[in-house]
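A quick write-up on the structure given underneath.
The values are calculated or read from the model by the stated rules, or taken from the named source; none is laboratory data. Remember, predicted model here, so these are calculated numbers, not experimental data. Reconstructed Cβ throughout: ideal geometry from the backbone, glycine too, with neighbour counts over all protein chains shown. Protein only, heavy atoms only, side chains kept; ligands, DNA and RNA dropped before computing areas. Shrake-Rupley method; radii C 1.70, N 1.55, O 1.52, S 1.80 Å.
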Amino acid sequence: MVRKLRAGDVELALHDQGSGPPILFVHGFPLDHSMWRGQLAASPLAGRFRLIAPDLRGFGSSSVTPGTVGMHEMADDLAALLDTLQIREPVVFVGLSMGGYVAWRFWERHAHRVRALVLCDTRSAPDTPEAAQGRRQFAASVLAEGTAPVATAMLPKLFAEQTATRQPEIVQAMEDVIVRTAPEGIAAALRGMAERPDATPLLATIRVPTLVLVGEHDAISPPAEMRKIADGIAGAQFVEVPDAGHMAPLENAAAVNAALVNFLEAPV
Ligand code: MLT
């Protein structure tokens with residue numbers, strides 16, 4: 001079900017399943033579409049929606065462009081992908097973490113293509129100057145040393161502590177994804193995230209149904225920070241997902257799917 005399609009000046013790999021109102025699932029850093037495995041295949045969403053989960057530029061099996069890839073460029077890639085798929089109707093845009101950073105820019109640049117927003121385990125604030133500098137150094141070290149140290153650095157932050165013992169297979173699967181990712185793709189996204197603008201001013205402009213969802217143990221985008229995001233968006237729903245960290249849709253797919261079905265059945 002994974003195929004590759006041209007999207008503007010790149011080729012994007014995507015999982016594309018079923019028919020119905022389209023849901024676009026946009027993965028986090030430094031992963032690929034397979035982080036949405038609990039929402040694809042035989043989930044309660046299957047058969048009711050068209051489930052589209054691309055690999056962003058630089059990740060998975062998509063084209064890699066070295067240098068810096070901004071969140072706005074990834075957003076434009078996704079709009080071009082929808083053009084290629086001839087999807088004209090607005091989509092439900094589901095973005096996790098870096099996928100959420102892309103969601104802000106997609107909203108800013110392609111709002112007419114958004115039917116609803118689901119913001120998972122993400123942030124609206126930009127990097128501090130120190131964090132941005134840390135990302136640039138991280139980019140240089142990935143290019144010098146490869147991806148294994150990226151997995152070592154990222155995995156403990158991505159998952160709740162109990163996930164490593166209760167569901168070691170999903171941690172292993174994401175480690176395999178990270179190690180296989182092109183260092184140039186990781187470095188380009190790190191530089192892009194370092195220069196991403198503050199998305200907080202956009203919150204008040206969001207006029208579509210929005211669900212804000214966070215793992216209760218998320219150490220990167222903690223529940224208190226995500227609640228503030230929800231408070232800034234008119235009418236947004238806020239759901240805290242139990243037994244999950246930053247990778248809530250993967251760690252507790254049942255709870256996330258229930259929240260998605262509940263949200264999608266009501267307003268969209
Ligand atoms: C992600 O999961 O996409 C990353 O944690 C985002 C980030 O590094 O800010």
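Here's the yes/no breakdown for (1) of a type in the set (A, V, I, L, M, F, W, C); (2) over 18 Å from GLY235 (Cβ atoms):
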position	(1), (2)
PRO90	no, no
VAL94	yes, no
VAL102	yes, yes
ARG105	no, yes
ALA116	yes, no
ARG136	no, yes
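Residues in the range 130-146 that are surrounded by 14 or more Cβ atoms within 10 Å (Cβ to Cβ) and touching a residue at least 60 places away in the same chain (Cβ under 8 Å): ALA132 alone.
Taken residue by residue, the range 185-199 has no member that is more than 14 Å from the ligand (Cβ to nearest atom) and not in a loop (DSSP other than H, G, I, E, B). Annotation for the range 150-168: at least one member residue is open to solvent by 10 Å² or more (accessible area, probe 1.4 Å), touching a residue at least 24 places away in the same chain (Cβ under 8 Å), farther than 30 Å from GLY20 by Cα and not in a helix (DSSP H, G or I).
Residue pairs whose Cβ atoms lie under 6 Å apart, sitting 6 or more positions apart in sequence or on different chains, and linking a residue in the range 101-126 that is among the basic types (Lys, Arg) to a partner that is open to solvent by 30 Å² or more (accessible area, probe 1.4 Å), are ARG105/HIS72; ARG113/PRO90; ARG115/PRO90; ARG115/VAL268. Checked against (1) modelled with pLDDT of 95 or more; (2) surrounded by fewer than 21 Cβ atoms within 10 Å (Cβ to Cβ); (3) more than 24 Å from GLN137 (Cα to Cα), VAL2 meets all criteria but (1). Candidates VAL150, VAL177: the one that is under 16 Å from the mean Cα position of the chain (by Cα) and within 27 Å of VAL64 (Cβ to Cβ) is VAL177.
Among the conditions (1) in a helix (DSSP H, G or I); (2) within 17 Å of ASP121 (Cβ to Cβ); (3) touching a residue at least 60 places away in the same chain (Cβ under 8 Å); (4) not charged (D, E, K, R), the only one that LEU202 does not satisfy is (2). If I ask for residues that are under 14 Å from PRO209 (Cα atoms) and either more than 16 Å from the ligand (Cβ to nearest atom) or in contact with a Ser or Thr (Cβ under 9 Å, 6 or more places away or on another chain) (or both), which ones from the range 83-102 would you list? Once the filter is applied, which keeps residues that are under 14 Å from PRO209 (Cα atoms) and either more than 16 Å from the ligand (Cβ to nearest atom) or in contact with a Ser or Thr (Cβ under 9 Å, 6 or more places away or on another chain) (or both), the range 83-102 yields PRO90, VAL91, VAL92. No other residue among THR181, THR200, THR210 is within 27 Å of ASP231 (Cβ to Cβ), modelled with pLDDT of 95 or more and buried (at least 22 other Cβ atoms within 10 Å of the Cβ) apart from THR210. Residue-level check: of (1) within 24 Å of MET174 (Cα to Cα); (2) open to solvent by less than 40 Å² (accessible area, probe 1.4 Å); (3) within 16 Å of the ligand (Cβ to nearest atom), LEU51 misses just (3). Applying the criterion of being within 10 Å of the ligand (Cβ to nearest atom) and not in a strand (DSSP E or B) to the residues of the range 113-124, the residue that is most open to solvent (accessible area, probe 1.4 Å) is ARG123. In the set (1) open to solvent by 10 Å² or more (accessible area, probe 1.4 Å); (2) touching a residue at least 40 places away in the same chain (Cβ under 8 Å); (3) not in a loop (DSSP other than H, G, I, E, B), the condition left unmet by LEU82 is number (1).
Are there any pairs with C-beta distances below 6 angstrom linking a residue in the range 240-268 that is among the polar types (S, T, N, Q) to a residue that is part of a loop (DSSP other than H, G, I, E, B), with the two at least 6 apart or on different chains, and if so which? Close Cβ pairs satisfying both conditions: ASN252/ASP243; ASN252/ALA244; ASN257/SER43; ASN257/PRO44. Going through (1) over 25 Å from HIS33 (Cβ atoms); (2) under 17 Å from the mean Cα position of the chain (by Cα) one by one, LYS228 falls short only on (2). Within the range 91-103, track down each residue that is assigned to a helix (DSSP H, G or I) and open to solvent by less than 10 Å² (accessible area, probe 1.4 Å). MET98, GLY99, GLY100, VAL102, ALA103 - these are the residues of the range 91-103 that are assigned to a helix (DSSP H, G or I) and open to solvent by less than 10 Å² (accessible area, probe 1.4 Å).
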